[in-house]
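Inspection log for the structure reproduced underneath, given as structure tokens.
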Number of protein chains: 2
Amino acid sequence: MEETKVDLEKAAQTLKLLGDKTRLTILGLVKNHECCVCEFVEVLQMSQPSISQHLRKLRDAGLVKEQRKGQWIFYSLNTSHDTYPIIQQVLEQIPNQKEKLKALEEAGLRIQCDR
Amino acid sequence: MEETKVDLEKAAQTLKLLGDKTRLTILGLVKNHECCVCEFVEVLQMSQPSISQHLRKLRDAGLVKEQRKGQWIFYSLNTSHDTYPIIQQVLEQIPNQKEKLKALEEAGLRIQCDR
DNA sequence: TGCATATATAAGTATATGCTTATATTATGA
DNA sequence: TCATAATATAAGCATATACTTATATATGCA
């Protein structure tokens, strides 16, 4: 009668990664569509190495997948991760980050990498 | 048409606190009923100061409420916290911690403070 | 009043975290 | 094949975190 639960230790590990404004925003962005590193840099206004390091943590934990497309590397949410149900629920409770990308585009600010 | 969302910064702050095995277990315990410090010590098998310090973080952030009852101080979930929706969702995804308390009792292991 | 119990706080310490700057890697295109 | 763009990695550093041990505070009871 119980739905499947996420192991508490794994849950804590994932929540620790979600417990950072930068990473939470990144996940909010890839919730909708895959993004390349330069987009995160642009939206979050942070240095490229800093973004890369956050992405590495998320990837090492398996929360996001990466896929190279030529010059760019695109990140997307790994929906088959054990703790995905938690991530999904959390992301539903925070404001949609898609707006941030849209706002950028509408302001005519070109995203560094030409997509 | 949007449900109320939790501010991303506040969400991250709460998730950081949830991102620790000890604190996540504590919240899982107080989800059902209020608990006193000695119960956490017993269930988690950690030192009393360590537990107290975790509880202080949770209380400072407003995630739990404390209520003194004579010699004991009982902690309970603060269901009116801004980020409560997140906590609630997360706790639904992890195994019920109530079992741990039950197991203790059934094993005949007395909880330190007499309730 | 004085001792025991429950809890909090303080100080110290080892490790983790998140940035920075500098440099390496990989792919594109002239 | 060389320059440039996109990204990753490394090293260094300041700050945060989660314990430990020692001590303080508050309540209950003889």
request  = List the distances, in nm and shortest first, from the label point of residue A:10 to the matching label points in every other copy, placing each point 7 Å from Cα along the Cα-to-Cβ direction.
outcome  = 3.1
inquiry  = Place a point 7 Å from Cα of residue A:103 in the direction of its Cβ. Which residues in region B:1-42 have their backbone N less than 20 Å from it?
reply    = B:1-13
ask   = For the protein assembly as shown, what is the mean residue ellipticity at 222 nm derived from helices alone (per DSSP H run of n ≥ 4: -39500 (n - 2.57); sum divided by total residues; nearest 500 deg cm²/dmol)?
value = -15500 deg cm²/dmol
note = With R₀ set to 22 angstrom, the calculated FRET efficiency between the beta-carbons of residue A:60 and residue A:92, to the nearest 0.05, is 0.35
inquiry  = For the pair residue B:84/residue A:84, report the inter-label distance in nm, with labels modelled 7 Å from Cα in the Cβ direction.
reply    = 3.2
key: Pseudo-label separations to other copies for residue B:79 - Cα-to-Cβ vector, 7 Å, nm   = 3.3
ask   = According to the square roots a ≥ b ≥ c of the eigenvalues of the Cα gyration tensor, what is the shape class of region B:27-115, taking rounded for a/c under 1.5, prolate for a/b larger than b/c otherwise, and oblate for the remainder?
value = oblate
key: Copy-to-copy label separations for residue B:21, where each label sits 7 Å from Cα toward Cβ, in nm and ascending   = 3.0
request  = May I ask you to evaluate 6.51 cos²θ - 1.76 cosθ + 1.60, the Karplus curve with θ = phi - 60°, for each residue of region B:31-43 and list the ³J(HN,Hα) values in order in whole Hz, giving x for glycine and proline?
outcome  = 4, 8, 8, 5, 9, 9, 3, 5, 5, 4, 4, 5, 5
key: Accessible surface of the protein assembly as shown, 1.4 Å probe, proportion on carbon and sulfur as whole %   = 45
inquiry  = Using each residue's phi in region B:88-95, evaluate 6.51 cos²θ - 1.76 cosθ + 1.60 at θ = phi - 60° and report the 3J(HN,Hα) Karplus result to the nearest Hz, with x for Gly and Pro.
reply    = 4, 4, 4, 5, 6, 8, 10, x
note = Once phi for every residue in region B:50-62 is put through the Karplus expression 6.51 cos²θ - 1.76 cosθ + 1.60 (θ = phi - 60°), the whole-Hz ³J(HN,Hα) values, with Gly and Pro written as x, are 4, 4, 4, 5, 5, 5, 4, 4, 5, 6, 4, 7, x
note = Under 5 Å from the placed amide H of residue A:74, counting only residues 5+ away or on other chains, we find A:67, A:68, A:69
message = Please compute, for peptide A:78-85, the average count of beta-carbon atoms on other protein chains lying within 10 Å of each residue's beta-carbon.
response = 1
message = Restricting to DSSP loop positions (anything but H, G, I, E, B) with no more than 13 other Cβ atoms inside 10 Å of their own Cβ, which GluC sites (Glu not before Pro) remain in region B:1-108?
response = B:2, B:3
task = Using a/c under 1.5 as the rounded threshold, could you call the protein assembly as shown rounded, prolate or oblate? The axes a ≥ b ≥ c are square roots of the C-alpha gyration tensor eigenvalues, and prolate needs a/b larger than b/c, oblate otherwise.
result = prolate
remark   = In square angstrom to the nearest 100, the accessible surface buried at the A/B interface, both sides summed with a 1.4 Å probe, amounts to 2200
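The values are calculated or read from the model by the stated rules, or taken from the named source; none is laboratory data. This structure is a prediction, so every number in the text was calculated from the model and none was measured. Because the Cβ atoms are built from the backbone with ideal geometry, glycine has one as well, and the counts that use them run over all protein chains shown. Protein only, heavy atoms only, side chains kept; ligands, DNA and RNA dropped before computing areas. Shrake-Rupley method; radii C 1.70, N 1.55, O 1.52, S 1.80 Å.
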